[in-house]
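The values are calculated or read from the model by the stated rules, or taken from the named source; none is laboratory data. As the structure is a prediction and not an experimental result, all values here were calculated from the model. Positions of Cβ are generated from backbone atoms using ideal geometry, with glycine treated the same way; all protein chains shown enter the neighbour counts.
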């Protein structure tokens, strides 16, 4: 490993040691990794609510004595308490016992009389199952199909609102949910098209302003490589503002969601990810910081608060066709789209490395595209292990800093979550590839070796 790369990875580990957890609104319970220091801001939780949140935050197996009640709802606010002190504050007049397990999550028993009476298992909360966009379906053309998508859409009473011809995919919109359901029933057994679904992908949370006075400059400068010699990173996200101080690393952007008007008052999520990516890249560079890496911003949100798996797939296709070798996906959805997976499979076959956010809920449920096997899934970490808000599912591959300080318009901002972790890893991967020419497989192996989640 060259000196610049060793330095970059060391800096990344240093950032992990000091990464801060994001601020949360009221009603939070944050259990901070191996140190088991706890923050809480709770207003009026019942015992079932409290125990469900405890099970989520800790990963423990939680058992309660049947018919146990709190004398009054839990309303507490504290920070940095030990696990034992926190449980005492949270559970009030109830007794508890924590039993560590050698090769399994610890067990927490909550009871009034004796630990042996805590026999009722508390089920962890589950996120709502992914629901497709109700008045839409996606058609995927089968090999040898004869009927055109236009004719089929007309016959179904739908309008084609999007298409990815390279993958034979067509987005159909119906008058309402009932019309879409009727169309689905009529497509059962269709010999020309398979049916896929389109899922909403929420816009990730933006950056928060910080009281800081000086910017940490990046030791980066673009080299004079012609376009054919540049390493392109596709940033599939919200629009990146043109007044970014690092616009010299930006290629002309692409939008699949119309023209966005992000303004210049504060950084968009796309701008935040762009600068976070560059910070990861800078940590791999030699002193002069000259690099062939360029970022292609692909806007899949426009002015909307959400995009869809269909448009994320379209955005990836645009990036791949523009020559991107690394694709950053600082977004997540529980919706499993066959079209999105098909696009990623094809991109991986062409040698592209896909890096995606695992999600900001402390559970093990899969989020996409991170959960696809062709994707390097990134979760967030802090100085004591995984961030309390971060997904920790079996699909997760690596852990990286869960927060990033960026500078925009002369002001400092902090962006937090697995989005930032993903962009940082993408920057590291870009620096490694630019300096070594390593394949996607080799890059993945090295990143997992250094940042891999212990399973």
- Query: Does residue 396 count as at pLDDT 95 or above and either closer than 23 Å to residue 289 by Cβ or surrounded by 20 or more Cβ atoms within 10 Å (Cβ to Cβ) (or both)?
  - Reply: yes
- Item | Qualifying residues in region 366-381 (those that are over 9 Å from the mean Cα position of the chain (by Cα) and farther than 18 Å from residue 449 by Cα) - the one modelled with the lowest pLDDT | 366
- Query: How many residues does region 242-258 contain that are at pLDDT 90 or above and in a loop (DSSP other than H, G, I, E, B)?
  - Reply: 7
- Matching option when the condition is without any contact (Cβ under 8 Å) to a residue 40 or more places away in the chain and either under 30 Å from the mean Cα position of the chain (by Cα) or at positive phi (or both), among 234, 206, 189: 189
- Note on the structure: Inside region 417-455, the number of residues satisfying the requirement of being at pLDDT 90 or above and farther than 19 Å from residue 219 by Cα is 23
- Item | residue 96 more than 22 Å from residue 39 (Cβ to Cβ) and buried (at least 17 other Cβ atoms within 10 Å of the Cβ) | no
- Query: Which numbered condition trips up residue 7, out of (1) in a helix (DSSP H, G or I); (2) touching a helix residue (DSSP H, G or I) at 6+ places or on another chain (Cβ under 7 Å); (3) at pLDDT below 85?
  - Reply: (2)
- Taking region 154-171 and the residues there that are part of a loop (DSSP other than H, G, I, E, B) and buried (at least 18 other Cβ atoms within 10 Å of the Cβ), the one that is nearest to the chain's Cα centre (by Cα) would be 168
- Query: Out of region 260-290, which residues are surrounded by fewer than 19 Cβ atoms within 10 Å (Cβ to Cβ) and at pLDDT below 90?
  - Reply: 261, 263, 264, 265, 286, 287, 288, 289
- Breaking point among (1) touching a strand residue (DSSP E or B) at 6+ places or on another chain (Cβ under 6 Å); (2) at pLDDT below 95, for residue 301: (2)
- Query: Looking at region 172-186, which of its residues are without any contact (Cβ under 8 Å) to a residue 24 or more places away in the chain and over 28 Å from residue 369 (Cβ atoms)?
  - Reply: 178, 182, 185
- Message: It is to be established whether one or more residues within region 342-361 are in a strand (DSSP E or B) and farther than 17 Å from residue 204 by Cα.
- Response: yes
